[in-house]
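The values are calculated or read from the model by the stated rules, or taken from the named source; none is laboratory data. Please read these numbers as outputs of a predicted model, since none were measured by experiment. Note that each Cβ is placed from the backbone with ideal geometry, even for glycine, and that neighbours are counted across all protein chains shown. Surface accessibility is based on the protein's heavy atoms, side chains included, excluding ligands, DNA and RNA. Shrake-Rupley method; radii C 1.70, N 1.55, O 1.52, S 1.80 Å.
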Amino acid sequence: MSVRRLAEPEFQPADFAFNKANAAAAKKWIAKYPKGRQQSAIIPLLMLAQDQEGWVTKAAIESVCDMLDMPYIRGLEVATFYTQYQLKPVGTRAHIQVCGTTPCMLRGAGELMDVCRSKIHPEQFHTNEDGTLSWEEVECLGACVNAPMIMVFKDTYEDLTPERLAEIIDAFEAGKGDTIEAGPQIDRFYSAPQGGFTSLADEKAVLKSTRAKATGVAKAAQVPPSKAARHKTDAAETNEAVQSPSPVKASAKAEKAAGTAKPSLDHKDRPKGIDKPTAVDDLKLISGIGPKNEAILHELGIYTFAQVASWKKAERGWVDAYLNFHGRIEREDWVKQAKALAKGGVAEYTRVFGKKPV
Ligand code: FES
């Protein structure tokens, strides 16, 4: 942890006052907190002061404390604790904060600091000759998955190599920092695995589908059908939707509302359903089928391993549109699993896949 002290007296300006825009912004921040809790606005007010001055001066801390009617020591505690506040003048174009906590250190933060030493200044908290750049080591900035990383003002730059950091520093020094896209600097989507999703690969569809279903079911549960709707709707179906929504109908309703309607139940690709037999196979033995998907399959007349084993591509596509979490039929090869289970139950499954079904 770096030692955080106020800048030496020779750097400290004699006084501080918010400019007009920031004074109005400060007023708004203070008004956001409940009566008697206005001191909670210290964090955003100190940020405003830093945005205005480039760093947090002693006069600014005291001025903010006066505004919030709090002892100076409380303001000093906050300002010296959080590394988001710069307590000394920093580079005018970039102040680079290098995370030096364990995950980043293990992934090369030491080399990143060497780059800062050679390109900016051998010691942290010193600006380069032109006063445009400065750097410091800080504790974890919360992007450990994408270590090693740096923060420049409010943006993070992650998955760094020394070479990439050197390019970023050069861009800021040239006044072109805004041309560098913040976030991961490699083929990674936010903090997803490098190179692309390895699970829930169809996540957009999952999110859309689950949200639509949640909305649809909630609406079905809350809004009683109008008289007109009752005239048009089969009474038994309406009651079912309101009191005990069937997975297939509720899902279809939600998808319709979301504009992502499923293929019709009469579609030619629908696999042949059967009436519930006396002996129903436990479809949950197939990896990817849980209680919810099993209930959906039952609604569609699918009760046996043999049925699943017989699905052709088009039929798999049709069923997939009705399931929670699309893409699982292919990804987890339900047909192969069902073939093994239909042929010899758990023993055959274990022989084929080298493990028991879970
Ligand atoms: S350890 Fe570096 S961001 Fe958390």
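Restricting the range 69-104 to residues that are surrounded by fewer than 17 Cβ atoms within 10 Å (Cβ to Cβ) and within 14 Å of the ligand (Cβ to nearest atom), which is farthest from residue 159 (Cα to Cα)?
This residue is 102.
Going through 21, 60 one at a time, which residue ends up being loosely packed, with under 15 Cβ neighbours inside 10 Å and small (Gly, Ala, Ser)? I'd like the intermediate steps shown before the answer.
Working: 60 fails: loosely packed, with under 15 Cβ neighbours inside 10 Å.
On inspection, the qualifying residue turns out to be 21.
How many residues does the range 303-338 contain that are of a type outside the set (Asp, Glu) and part of a helix (DSSP H, G or I)?
Qualifying residue count for the region: 19.
Answer yes if at least one residue in the range 79-89 is in the same structural domain as residue 147 (by TED's automatic domain parsing) and over 31 Å from the mean Cα position of the chain (by Cα), and no otherwise.
Checking the range 79-89: not a single residue is in the same structural domain as residue 147 (by TED's automatic domain parsing) and over 31 Å from the mean Cα position of the chain (by Cα).
Which of (1) acidic (Asp, Glu); (2) assigned to a loop (DSSP other than H, G, I, E, B); (3) in contact with a Pro (Cβ under 9 Å, 6 or more places away or on another chain) is the odd one out, the single condition residue 111 does not satisfy?
Tallying (1) acidic (Asp, Glu); (2) assigned to a loop (DSSP other than H, G, I, E, B); (3) in contact with a Pro (Cβ under 9 Å, 6 or more places away or on another chain), residue 111 fails exactly one: (2).
How about the range 137-176: which of its residues are within 14 Å of the ligand (Cβ to nearest atom), of a type in the set (S, T, N, Q) and open to solvent by 20 Å² or more (accessible area, probe 1.4 Å)?
Residue satisfying the conditions is 156 alone.
Can you work out which of the residues in the range 116-136 that are away from the ligand (no atom under 16 Å from the Cβ) and part of a helix (DSSP H, G or I) is least open to solvent (accessible area, probe 1.4 Å)?
Per the criteria, the residue is 119.
Can you say whether residue 179 is outside the structural domain of residue 50 (by TED's automatic domain parsing) and within 15 Å of the ligand (Cβ to nearest atom), as far as the supplied structure shows?
Judged against the criteria, residue 179 is not a match.
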